[in-house]
Amino acid sequence: VAVETLQPLTHYDENSKSVLFVQGGIGRGGQEHSASYYHGYNEIWYPYNPATGKGDQRYMAEKYEHTKSLGTVANVGLGYRHLSKNEHAYVGVNAFVDRAFSENANRVSGGLEYVSGLNEVRANVYRGLGSVKSQSDMIHLPQSYFTFDLDGGAAYYMPHTSQKVLSGYDVSYARTFKNARWARVYVDAYHWSGIKVASYGSDGPLKVFEAGKSNGVQVGATLQVTPHVSLDLGYTSDNKYASGAYGFIKYTLGTSKFAWHGGKHSDDAITNARARMLDKVKRSPMMIGRGYEEYWGVVPWDNL
């Protein structure tokens, strides 16, 4: 669920050749991709077993990956679009700032747009703000945690977390149709850089995995069902994370000239550039990469 708005900052009517606008939105969105790695001295580690109340001995490292929503994310941006002399095309530039409140995370982006005839091309570049957030600790464990006698030996584990707003880019192509202006098909491609997560075990830092790095393609269609309501349907194919179908229903306070029900279907004009001068800028959701490593050092006194 999200709410978006685009408001012209300069006068814009059917005779205007350019427009400066502000766009903002807030809603649930974005994703955090996390990778967790558990291991220990000689690969032995002792996760807690709630059934016994003790640590279970394991002999192999384990890795898990998980994706969750970022919760409430807000964005605000400034854009400028300029029509060509014959109004067959327009070019646009924009800049945005995003904020994920639950993670206290921010990013910036810059975008270019080119609409010509019935064709649309867009590209955005995203950069996460701030350096990698890292935190590590050493947690000592009591004798009661283990099923064997430490006899004065060492027992601890070291959690190490890393987190970063991911940088990346996307490019998209879309097309509408002369006799079905209420339909728009598109294909988007994206790339996220990821965050390198290192193992801080007994052998020193060693890169073992990367969280958040992925490439993907989205193919879909936006259907203007009524002058106020549109339906966005598509499919995402990602090389690393979940792929699948998606759908959005959008309600716009303003009305669309073209609609499957209650609007025009076709137009003799060879371009829709002017009709799209106040369309909202399309961007990819915020992404965060998170790594968690847990290294165990448990050595009974008679093994020291």
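The values are calculated or read from the model by the stated rules, or taken from the named source; none is laboratory data. If you're wondering where the values come from, they're calculated on a predicted model, not measured in any experiment. Because the Cβ atoms are built from the backbone with ideal geometry, glycine has one as well, and the counts that use them run over all protein chains shown. Accessible surface is based on the protein model in full, side chains and every heavy atom, while ligands, DNA and RNA are left aside. Shrake-Rupley method; radii C 1.70, N 1.55, O 1.52, S 1.80 Å.
Observations on the model:
- Top-ranked residue of the stretch 38-61 - restricted to ones that are assigned to a strand (DSSP E or B) and open to solvent by 40 Å² or more (accessible area, probe 1.4 Å), ranked as farthest from PHE96 (Cα to Cα): LYS54
- Filtered by the rule that a residue be open to solvent by 50 Å² or more (accessible area, probe 1.4 Å), in contact with a Gly (Cβ under 8 Å, 6 or more places away or on another chain) and of a type in the set (S, T, N, Q), the stretch 62-92 gives SER69, THR72.
- Sole exception among (1) under 21 Å from GLY29 (Cα atoms); (2) modelled with pLDDT under 95; (3) open to solvent by less than 70 Å² (accessible area, probe 1.4 Å); (4) touching an Asp or Glu at 6+ places or on another chain (Cβ under 7 Å) for ASN124, by number: (2)
- In the stretch 60-106, the residues that are over 25 Å from the mean Cα position of the chain (by Cα) and of a type outside the set (Asp, Glu): MET60, ALA61, ARG81, HIS82, LEU83, SER84, LYS85, ASN86, HIS88, ALA89, TYR90, VAL91
- Answer residue from the stretch 1-32, given it is hydrophobic (A, V, I, L, M, F, W, C) and either open to solvent by less than 80 Å² (accessible area, probe 1.4 Å) or in a strand (DSSP E or B) (or both) and is nearest to THR72 (Cα to Cα) among those: ILE26
- Count of the stretch 241-269 residues which are among the aliphatic types (A, V, I, L, M) and modelled with pLDDT under 90: 4
- The single condition from (1) open to solvent by 60 Å² or more (accessible area, probe 1.4 Å); (2) of a type in the set (Asp, Glu); (3) under 23 Å from the mean Cα position of the chain (by Cα) that ASP149 fails is (3).
- Number of positions in the stretch 239-262 that are more than 24 Å from GLY194 (Cα to Cα), of a type in the set (Lys, Arg) and either in a strand (DSSP E or B) or in contact with a His (Cβ under 9 Å, 6 or more places away or on another chain) (or both): 1
- Number of residues in the stretch 96-118 that are under 23 Å from ALA221 (Cβ atoms) and either in contact (Cβ under 8 Å) with a residue 60 or more places away in the chain or open to solvent by less than 50 Å² (accessible area, probe 1.4 Å) (or both): the value is 6.
- The stretch 164-212, subset among the acidic types (Asp, Glu) and within 18 Å of TYR292 (Cα to Cα), residue modelled with the highest pLDDT: GLU210
- Taken together, LYS240, LYS250, LYS257 contain a single residue that is of a type outside the set (Gly, Ala, Ser) and farther than 25 Å from TYR80 by Cβ, which is LYS240.
- Qualifying residues in the stretch 270-291 (those that are at pLDDT below 90 and outside any loop (DSSP other than H, G, I, E, B)) - the one most open to solvent (accessible area, probe 1.4 Å): ALA275
- Matching residues in the stretch 213-222 - criterion: being in a strand (DSSP E or B) and either at pLDDT below 90 or buried (at least 17 other Cβ atoms within 10 Å of the Cβ) (or both): SER214, GLY216, GLN218, GLY220, THR222
Conditions tested, residue by residue: (1) of a type in the set (Asp, Glu); (2) surrounded by 14 or more Cβ atoms within 10 Å (Cβ to Cβ); (3) at pLDDT 90 or above; (4) under 30 Å from ALA174 (Cβ atoms).
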{"site": "SER34", "(1), (2), (3), (4)": "no, yes, yes, no"}
{"site": "ASN94", "(1), (2), (3), (4)": "no, yes, yes, yes"}
{"site": "GLY128", "(1), (2), (3), (4)": "no, yes, yes, yes"}
{"site": "MET138", "(1), (2), (3), (4)": "no, no, yes, no"}
